[in-house]
Structures are given as structure tokens and as C-alpha cells.
Amino acid sequence: MEEKKKILYSGMQATNALTIGNYLGALKNWVTLNEEYECFFGVMDLHSLTVRQNPTEFRQNARKLYALYVAAGLDPKKNCVYYQSHVPAHAQLSWILNCFTYMGELNRMTQFKDKSAKHADNINAGLFTYPVLMAADILLYQTDVVPVGKDQMQHLEITRDIAMRFNNIYGDVFKIPEAYIGKSGARIMSLQDPTKKMSKSDENVNATILLTDDTDTIIRKFKRAVTDSDTQVRYDVENKPGVSNLMDIYSSITGKSSDEIEAEFDGKGYGDFKLAVGETVAKELAPIQLEYERLLKDKEYINGCIKENDEKAAYFANKTLRKAMKKVGLTEMIR
Ligand code: TRP
């Protein structure tokens with residue numbers, strides 16, 4: 001008999017264009033997971049509302065993110081790739097879980113502190129309860145593992161705390177999710193300040209490589225990448241963070257180790273190295289970009305995928321939601 005696959009859940013917010021940080025750090029690895037896991041990947045558009053959006057751009061960005069997921073290789077026939085906002089169970093469970101989450105817990109979230117500092121004019125309640133919605137996302141699917149970066153670990157911890165608290169009162173309603181530890185993606189840093197994570201919201205356009213940047217732009221940005229006054233291509237995150245970051249990027253595409261990369265560029269300067277990294281990245285992204293452009297035009301195909309996967313997600317999510325509603329004593333609907 002075929003063994004039941006474990007469930008894996010992740011997603012990205014539907015804001016701004018994605019960078020190679022999102023790709024090499026997450027997306028590229030997600031693509032390899034559907035053989036081993038039953039995968040759910042959401043376009044996390046409800047989370048994006050915690051920051052004010054231009055409605056037209058926002059809708060387009062969500063669509064682009066969906067197309068990019070698919071273009072990068074998340075096959076919507078093998079993975080459930082769907083819109084968070086199309087499955088009302090997320091908002092519904094989130095409300096219930098809000099009533100099992102303490103202000104004190106949410107107050108400790110570093111992302112909330114960072115974001116409130118950054119958006120001081122719009123510290124809304126959604127920003128505060130952001131982690132509770134994320135807990136609902138994960139718990140609705142009886143998720144076993146969640147691949148998340150360091151910056152989301154605290155949110156996964158609170159998800160576990162909320163789930164355990166709920167289960168302690170009502171019995172085994174939620175699976176307690178674990179962080180995915182497997183081959184995790186590289187942590188890609190800014191090209192202009194390699195001590196900072198590459199961020200899609202960075203204001204300096206030279207700091208990030210967008211997944212939609214063309215070859216010339218990619219090569220130009222790598223040429224301008226901040227390195228150091230040394231000339232040797234050597235892996236040393238502390239003293240040579242810029243070069244080490246470029247090596248990480250190069251390594252995550254070519255699969256070469258730092259020793260191999262050091263040997264390859266022995267005696268050559270940073271110019272050659274940066275060009276090689278730029279060309280490698282451009283070559284990796286080219287087929288994805290082609291497919292992305294094609295998919296954006298193939299409205300019918302994408303619409304079909306969205307509809308099918310929204311329904312699939314809703315089916316699983318509603319099972320958990322109904323259970324949670326019943327456990328807390330909400331009255332069942334008469335059908
Ligand atoms: N908060 C995550 C991020 O910004 C996105 C996200 C929302 C998510 N819900 C999730 C990630 C559930 C994993 C699981 O990166």
C-alpha cells in the first residue's frame with residue numbers, strides 16, 4: 001500500500017516583485033518537494049492587506065505571483081497552488097484562534113515590532129494579529145512541516161503554542177507542525193549591503209535581482225555588487241560578506257562547493273567572477289521568465305488551475321474548520 005505522504009505548507013505574500021532571494025531561498029527548493037510531500041502553496045494575499053495596497057497593482061501582483069510559482073516549476077497538478085483569500089476558512093479559523101492567543105505573546109513578535117516601526121502611520125490590528133492568520137493557514141491543513149526562513153521561525157513557534165493550547169483543551173484537533181529541515185535554501189543578502197537580507201521592498205534597485213530582470217540588468221547589477229578591497233575570491237562571511245554572498249548565489253545554482261568556486265576563480269579578479277555569477281543567474285532565470293510571460297497570457301489555463309486548487313484547498317481546510325467550530329461549541333449549520 002502506498003504510504004500516506006506528509007503534508008507540507010508554505011506561501012509568500014503577494015506584494016512587490018520577487019527576488020532571487022525568494023527564488024534561491026525558497027521557491028527553487030519547493031519545486032523538489034512534491035514527490036515526498038503533499039504540498040500546499042498559498043498566494044498569501046490576506047497577509048498583504050496589513051500594509052496599504054493599491055488595489056489594481058495588488059491584484060496584478062497576486063496574479064503574477066501565481067504565474068511565477070507555476071513558471072518556476074510548482075506544477076499545479078501535483079501541488080495545491082491556491083489563493084489564501086479564496087478559502088474563507090483561513091479568516092474563519094483565524095478569528096477562533098485570535099480568541100486563544102494572548103496580547104502578550106503577539107507583543108513579543110519581532111516582525112510586529114519591526115513593521116510597526118516601519119509603518120508608524122498604520123499600525124493596524126491586522127499587523128498585530130498577522131501571526132494568528134499564519135497559524136490558521138498552517139493548522140487548517142494538518143500540516144506536518146513548514147519550510148520557513150529564519151525570519152518566520154518565531155511565527156511558527158507561536159503557531160505551535162496556539163495549536164497545543166487548543167489541543168490541550170479540546171483534544172487532538174490540530175497537528176503540531178514542525179519546521180522543515182531538509183536541504184534549506186541559501187540566505188541571499190543584498191548586493192549593496194551584504195550584511196542585510198535581500199529584500200523585495202529594498203528601495204535601492206541595485207540591491208536586489210528581480211526574477212523578472214532581463215540579462216543586461218542582471219549583469220549590470222552584479223557588476224555593481226559591493227565587495228571589498230581585496231581581489232581574491234574566497235569564502236569568508238565575516239570579512240568578505242559581499243564575495244561570500246555572490247559565492248552562495250553561484251553555488252546554489254551550479255551546485256559547486258566554495259572550494260570548487262575558489263579554485264575556478266583562482267588568479268582571476270572580481271570582474272570575471274561577477275560576470276560569471278551574472279551570466280549564471282541570467283541563464284537560470286531565462287526559461288522561467290519565458291514560461292512566466294507565456295502563462296500570464298494563457299488566462300484560461302491559469303484560471304482553471306486556480307479554480308481547481310482553490311476547491312481542493314477548501315475541501316481540506318473546511319474539514320479542520322468544522323472540527324474546530326464544533327469543539328468550541330459553535331452551533332452547526334442546518335443543511
Ligand atoms: N509570513 C510569511 C512571509 O512573509 C508568509 C506566510 C503566510 C506563510 N502564511 C504562511 C509562510 C504560512 C508559511 C506558512 O514569508
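Restricting attention to the range 129-150, does a residue exist that is modelled with pLDDT of 95 or more and small (G, A, S)? Yes: one or more hits. Within the range 199-207, identify whether any single residue is under 21 Å from G25 (Cβ atoms) and modelled with pLDDT of 95 or more, and answer yes or no. Yes.
With the condition kept exactly as written, say whether any residue in the range 33-41 is within 15 Å of the ligand (Cβ to nearest atom) and at pLDDT below 95. Within the range 33-41 (the criterion being within 15 Å of the ligand (Cβ to nearest atom) and at pLDDT below 95), the answer is yes, since at least one residue qualifies. Any residue at all in the range 73-82 that is among the acidic types (D, E) and surrounded by fewer than 18 Cβ atoms within 10 Å (Cβ to Cβ)? Yes, because at least one residue in the range 73-82 is among the acidic types (D, E) and surrounded by fewer than 18 Cβ atoms within 10 Å (Cβ to Cβ).
Rundown of residues vs (1) within 15 Å of the ligand (Cβ to nearest atom); (2) among the hydroxyl-bearing types (S, T, Y); (3) open to solvent by 10 Å² or more (accessible area, probe 1.4 Å); (4) without any contact (Cβ under 8 Å) to a residue 12 or more places away in the chain, yes/no style:
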position: K5; (1), (2), (3), (4): no, no, yes, no
position: T15; (1), (2), (3), (4): yes, yes, yes, no
position: Y23; (1), (2), (3), (4): yes, yes, yes, no
position: N29; (1), (2), (3), (4): yes, no, yes, no
position: L46; (1), (2), (3), (4): yes, no, yes, no
position: T50; (1), (2), (3), (4): yes, yes, yes, no
position: Q53; (1), (2), (3), (4): yes, no, yes, no
position: E57; (1), (2), (3), (4): no, no, yes, yes
position: R63; (1), (2), (3), (4): no, no, yes, no
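Taking the range 86-108, which residues are open to solvent by 80 Å² or more (accessible area, probe 1.4 Å) and among the aliphatic types (A, V, I, L, M)? Selection gives M103 alone. Where helices (runs of 4 or more DSSP H) fall entirely within the range 109-211, those with at least 2 residues that are open to solvent by less than 40 Å² (accessible area, probe 1.4 Å), assigned by TED's automatic domain parsing to the domain that holds G25 and within 10 Å of the ligand (Cβ to nearest atom) are at 125-140, 153-170. For the residues T231, T212, the requirement of being of a type in the set (S, T, N, Q) and closer than 22 Å to A26 by Cα singles out T212.
Taking the range 237-275 as the region of interest, how many residues are open to solvent by 20 Å² or more (accessible area, probe 1.4 Å) and within 27 Å of the chain's Cα centre (by Cα)? Within the range 237-275, residues that are open to solvent by 20 Å² or more (accessible area, probe 1.4 Å) and within 27 Å of the chain's Cα centre (by Cα) number 13.
A single entry from T227, T217 fulfils the requirement of being open to solvent by less than 60 Å² (accessible area, probe 1.4 Å), without any contact (Cβ under 8 Å) to a residue 24 or more places away in the chain and of a type in the set (S, T, N, Q): T217.
The values are calculated or read from the model by the stated rules, or taken from the named source; none is laboratory data. The structure displayed is predicted, hence computed values, not measured ones. All Cβ positions, glycine included, derive from the backbone under ideal geometry; neighbour counts span all protein chains shown. For the accessible areas, the whole protein counts, side chains as well, though only heavy atoms, and no ligand, DNA or RNA atoms are used. Shrake-Rupley method; radii C 1.70, N 1.55, O 1.52, S 1.80 Å.
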